[in-house]
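Student: Take a look at this one; I'll ask things after.
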Amino acid sequence: QVQLVESGGGLVQAGGSLRLSCAASGSIFSINVMGWYCQAPGKQRDMVAIITSGGSIHYAASVKGRFTISRDNAKNTVYLQMNSLKPEDTAVYYCMYSAGGHEYWGQGTQVTVSS
């Protein structure tokens, strides 16, 4: 089992910044993928950014150049620096951990961007 604890969501004005953090604990595999997904009301959950334990990164087209994902393998923590936020970024952001054929999700943290 893996537990994910997220922090860093909140309310920000358009153009502002937020930083999300997600710490994983439990049965952590050294080779894994961590990342962030978002889900707006009435919409499906979409990938925002993912990063492998080896450092490979993939971003959704909508956030490229504005968001930066990073991780600290020693702390089993993944971060999402969100800059130039737009009202359309408003959603619940979920942390994801995947390894060994298993996938785990955090409880979600609300990000609200006002215009």
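Student: Which pairs have Cβ atoms under 7 Å, sit 6 or more apart or on different chains, and link a residue in the stretch 42-70 that is farther than 14 Å from SER84 by Cβ to one that is open to solvent by 80 Å² or more (accessible area, probe 1.4 Å) and of a type in the set (Ser, Thr, Tyr)?
Tutor: Cβ pairs passing all conditions: SER53/SER30.
Student: Now for a separate question. Are any residues in the stretch 89-115 among the polar types (S, T, N, Q), outside any loop (DSSP other than H, G, I, E, B) and in contact with a Leu (Cβ under 9 Å, 6 or more places away or on another chain), and if so, which ones?
Tutor: Scanning the stretch 89-115 gives THR109, GLN110, THR112, SER114.
Student: May I ask you to say which residue of THR90, THR109, THR77, THR52 is farther than 24 Å from ILE28 by Cβ and in contact with a strand residue (DSSP E or B) (Cβ under 7 Å, 6 or more places away or on another chain)?
Tutor: The match here is THR90.
Student: Output the qualifying pairs, or none if there are none: Cβ atoms under 6 angstrom, residues six or more apart or on different chains, first residue in the stretch 72-96 and at negative phi and of a type in the set (Val, Ile, Thr), second residue open to solvent by less than 40 Å² (accessible area, probe 1.4 Å) and part of a loop (DSSP other than H, G, I, E, B).
Tutor: VAL92/GLY108
Student: Here is a further query. Over 18 Å from VAL113 (Cα atoms), part of a loop (DSSP other than H, G, I, E, B) and open to solvent by less than 60 Å² (accessible area, probe 1.4 Å): which single residue out of GLY35, GLY15, GLY55 fits that description?
Tutor: Checking each option against the conditions leaves just GLY55.
Student: Select from the stretch 40-82 the residues that are touching a Lys or Arg at 6+ places or on another chain (Cβ under 6 Å) and of a type in the set (A, V, I, L, M, F, W, C) and write down the one among them that is farthest from LEU4 (Cα to Cα).
Tutor: By that ranking, first place goes to ILE51.
Student: Could you tell me whether SER70 is buried (at least 16 other Cβ atoms within 10 Å of the Cβ), within 24 Å of ALA99 (Cβ to Cβ) and not basic (Lys, Arg)?
Tutor: no
Student: Got a sec? Which of LEU80, LEU85 is open to solvent by less than 40 Å² (accessible area, probe 1.4 Å) and part of a loop (DSSP other than H, G, I, E, B)?
Tutor: Selected residue: LEU85, the only one of LEU80, LEU85 that is open to solvent by less than 40 Å² (accessible area, probe 1.4 Å) and part of a loop (DSSP other than H, G, I, E, B).
The values are calculated or read from the model by the stated rules, or taken from the named source; none is laboratory data. Values in this document were obtained by computation on a predicted structure and should not be read as measured data. Counting neighbours? That spans all protein chains shown, and the Cβs are built from the backbone with ideal geometry, glycine included. With ligands, DNA and RNA removed, areas are computed over all heavy atoms of the protein, side chains included. Shrake-Rupley method; radii C 1.70, N 1.55, O 1.52, S 1.80 Å.
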